[in-house]
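Report on the structure given below.
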Amino acid sequence: MKNANPVSCTFKVAAVASALLFSACGQAELSVEKSVVGLEPKSVADWFAIKLGEKMLRMQLAVRPKELERGLMERRDLGANEAMVFVFERPQPMSFWMRNTPTPLDIAYFSPEGALVEYYPAYPFDEKSLPSRSQRLQFVVETNQGWFRANGIKPGAQLDLKALGAALRARGFDPKKFGFEP
């Protein structure tokens with residue numbers, strides 16, 4: 001460069017290099033933040049630690065219509081302290097069955113406040129429905145058959161709604177849509 005001030009050129013090169021470096025760092029920070037903060041929503045296949053009574057369970061959340069319909073069908077891999085929780089938008093009577101479900105389960109019905117109201121044993125492939133007695137239920141938890149009795153969990157036991165709300169958020173749902181307090 002004819003008649004260029006060498007300090008001015010050095011400054012311009014340094015400014016461009018800094019801009020590129022900060023731009024690249026900004027991108028790296030954004031992708032790290034995205035994975036750390038969890039901006040990518042979790043799926044029905046992901047597990048969440050949610051307490052039921054005094055026991056901690058690893059739970060998968062069924063929320064979307066297809067997830068609610070499928071539940072644990074065709075699954076044989078449910079661990080000893082694993083469950084699926086079905087989350088409905090509003091209180092209603094419930095009725096579940098075991099179509100295409102090879103694993104014996106306990107099906108537990110919970111009030112909107114998270115209190116266990118009733119639970120029933122369910123047998124593999126049984127298509128007879130298990131209707132609730134209560135008309136005001138919002139959550140259903142399916143565990144391996146006998147889990148409630150073995151762990152001393154009785155009606156009145158509380159489902160950790162704070163953890164459930166956080167799991168809904170991690171799945172990309174607004175917990176308020178399901179009646180959770182902010």
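For residues that are surrounded by fewer than 18 Cβ atoms within 10 Å (Cβ to Cβ) and more than 20 Å from the chain's Cα centre (by Cα), tally how many sit in segment 131-182. The qualifying residues number 13. The test for being modelled with pLDDT of 95 or more and either of a type in the set (D, E) or more than 16 Å from V140 (Cβ to Cβ) (or both) does not hold for P93. Restricting P155, P182 to those that are in a loop (DSSP other than H, G, I, E, B) and modelled with pLDDT under 95 reduces the list to P182.
Screening segment 70-100 for residues that are among the small types (G, A, S) and assigned to a strand (DSSP E or B) and picking the one that is surrounded by the most Cβ atoms within 10 Å (Cβ to Cβ) gives A83.
One residue alone among E142, E127 is farther than 22 Å from A45 by Cβ, among the acidic types (D, E) and at pLDDT 95 or above, and that residue is E127.
The values are calculated or read from the model by the stated rules, or taken from the named source; none is laboratory data. Just so it is clear, the structure is predicted and the values come from calculations on it, not from any experiment. Note that we place each Cβ from the backbone using ideal geometry, even for glycine, and neighbour counts take in every protein chain shown.
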